[in-house]
Amino acid sequence: MDGHRTVAAAASGARRVACVTGATGFIGSWLIRSLLRRGYHVNATIRDAGKASWLLSALRGGSRLKIFEADLNEEGSYDEALKNCQFVFHVAACMEFNTTAKENIGKLFPSRRTNMNSIVIVENHVRTKILEPAVRGVINVLQACAKSGSVRKVVFTSSISTITAKDDEGELRSMVDESSIIPINQVWKTKPKGWVYVLSKLLTEEKAFQFAKEKGIDLVSIIPPTVAGPFLTPSVPASVQVLLSPITGDPELYPILASVHSRLGSIPLAHVEDICNAQIFLMEQPMTEGRYICSAGSCSLPELTDLLSKNYPAFSSKRFHENSCISIHPVISSKHLTDLGFAFTYSVRDIIQQSVTCCVEGGFLRLHENEDDMVP
Ligand SMILES: NC(=O)c1ccc[n+]([C@@H]2O[C@H](COP(=O)([O-])OP(=O)(O)OC[C@H]3O[C@@H](n4cnc5c(N)ncnc54)[C@H](OP(=O)(O)O)[C@@H]3O)[C@@H](O)[C@H]2O)c1
């Protein structure tokens with residue numbers, strides 16, 4: 001793999017074919033749109049052919065967009081989609097936020113009480129039924145890259161859930177970068193909100209780098225924070241629902257936001273368009289290596305609630321009002337990315353305002369207080 005050849009191919013006007021996994025998702029669908037607008041040919045993978053019609057009409061890619069059926073859980077299912085591709089954006093992932101150990105136990109064994117034995121059973125379930133398949137899924141995609149003989153570079157989509165601002169003593173650091181990785185053992189031990197998702201992102205990314213190194217694949221990883229803004233999907237993306245939870249009052253989603261705030265000391269955000277631009281930027285840059293945080297800025301929970309209320313006055317008087325006792329708001333640094341020359345287009349205010357507007361215009365957020373809040 002040679003990053004210089006990637007740029008050379010682009011410069012010479014050669015046909016550029018990129019594969020996007022997770023095409024039906026929030027980021028995947030927006031990324032395809034961004035790639036098509038830049039003149040790329042896109043092989044988009046979806047796991048359910050029934051979802052192709054909304055995607056095709058939302059993206060209008062004509063002959064430059066091809067849809068392939070592929071599932072992370074099916075070995076070899078990405079081989080066809082990756083044939084003749086030079087670039088791969090691996091975006092697909094199981095988005096099971098699966099909350100606390102207690103809730104997992106409740107789901108698996110409704111009549112059982114939490115004890116050591118049931119925790120071991122839950123851990124085994126998570127390991128064998130969620131984490132091992134997730135790791136096999138990423139290897140499945142990378143095997144297809146290796147087999148293709150054409151793939152030059154892969155951008156893996158990681159997550160800010162792999163990052164913590166807390167040091168060994170549990171105190172918040174003033175600055176957080178790509179090396180501030182949350183220790184896997186700590187996640188197994190403490191099982192914070194969303195622990196299964198955190199483990200899945202940590203393990204799949206680690207395995208992706210390891211496998212890529214073994215096979216000589218040029219792989220970089222982007223680390224998005226909470227991504228929001230407008231969306232092409234027919235329903236409200238999970239991350240937009242999480243962001244808007246202070247005004248919708250969703251009791252399942254708000255704790256996810258609160259947990260991010262507690263781990264990072266603020267809520268880092270990025271606009272979906274900036275995330276997709278950064279993914280393409282990293283793909284096109286010749287000299288990239290490792291992980292790249294892509295956060296436009298952060299706000300505290302009270303600031304977020306305030307901004308949401310300003311953009312959505314109908315609900316300003318209710319829902320969650322968080323009094324943050326966090327005095328340090330660590331800087332979540334995107335310096336690794338911006339030092340390469342990447343510039344963000346959208347601010348935290350833009351992200352919040354556009355998320356609310358898109359939900360209201362799509363009929364997902366009700367304008368009147370006596371109606372149900374959010375239609376997913
Ligand atoms: N949105 C955020 O705030 C955020 C933040 C950090 C990182 N990320 C990462 O960004 C990526 C995309 O997130 P998103 O917000 O776009 O999520 P999303 O809207 O839920 O999209 C997830 C995509 O993955 C696909 N997928 C799930 N399981 C699959 C499987 N077994 N085989 C093949 N495809 C599968 C889904 O397909 P179906 O439509 O068939 O379910 C969907 O297309 C994920 O890797 C996520 O971890 C997102």
Across region 246-290, which residue is surrounded by the most Cβ atoms within 10 Å (Cβ to Cβ) among those that are within 13 Å of the ligand (Cβ to nearest atom) and among the small types (G, A, S)? A270
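Among the residues of region 205-232 satisfying the criterion of being within 12 Å of the ligand (Cβ to nearest atom) and more than 13 Å from the chain's Cα centre (by Cα), which is surrounded by the fewest Cβ atoms within 10 Å (Cβ to Cβ)?
L232
Listed here are the residues, each with its yes/no results for (1) closer than 19 Å to P234 by Cα; (2) under 23 Å from the mean Cα position of the chain (by Cα); (3) away from the ligand (no atom under 14 Å from the Cβ); (4) not acidic (D, E).
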{"site": "L35", "(1), (2), (3), (4)": "no, yes, yes, yes"}
{"site": "Y40", "(1), (2), (3), (4)": "no, yes, yes, yes"}
{"site": "T45", "(1), (2), (3), (4)": "yes, yes, no, yes"}
{"site": "S53", "(1), (2), (3), (4)": "yes, no, no, yes"}
{"site": "G62", "(1), (2), (3), (4)": "no, no, yes, yes"}
Please work out which residue is farthest from P192 (Cα to Cα), limiting yourself to region 133-156 and to residues that are assigned to a helix (DSSP H, G or I) and out of contact with any Leu (no Cβ under 9 Å at 6 or more places or on another chain). A146
Only unsatisfied item for S235, checking (1) within 11 Å of the ligand (Cβ to nearest atom); (2) crowded, with 19+ Cβ neighbours inside 10 Å; (3) among the hydroxyl-bearing types (S, T, Y), is (2)
Can you give me the ranges of the strands (runs of 3 or more DSSP E) entirely in region 204-317 with at least 1 residues that are in contact with a helix residue (DSSP H, G or I) (Cβ under 7 Å, 6 or more places away or on another chain) and without any contact (Cβ under 8 Å) to a residue 60 or more places away in the chain? 267-271, 297-299
Are there any helices (runs of 4 or more DSSP H) wholly within region 16-88 with 2 or more residues that are closer than 25 Å to E132 by Cβ and not β-branched (V, I, T), and if so which? 79-82
Does region 207-223 contain at least one residue that is of a type in the set (A, V, I, L, M) and within 30 Å of T357 (Cα to Cα)? yes
Pull up region 38-63, narrow it to residues that are of a type in the set (D, E, K, R) and loosely packed, with under 15 Cβ neighbours inside 10 Å, then point me to the one that is farthest from K147 (Cα to Cα). R60
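Coordinate-derived values only; no laboratory data. Given the structure is predicted, the values throughout are model-derived calculations rather than measurements. Ideal geometry is used to build each Cβ from the backbone, glycine not excepted, and the neighbour counts take in all protein chains shown.
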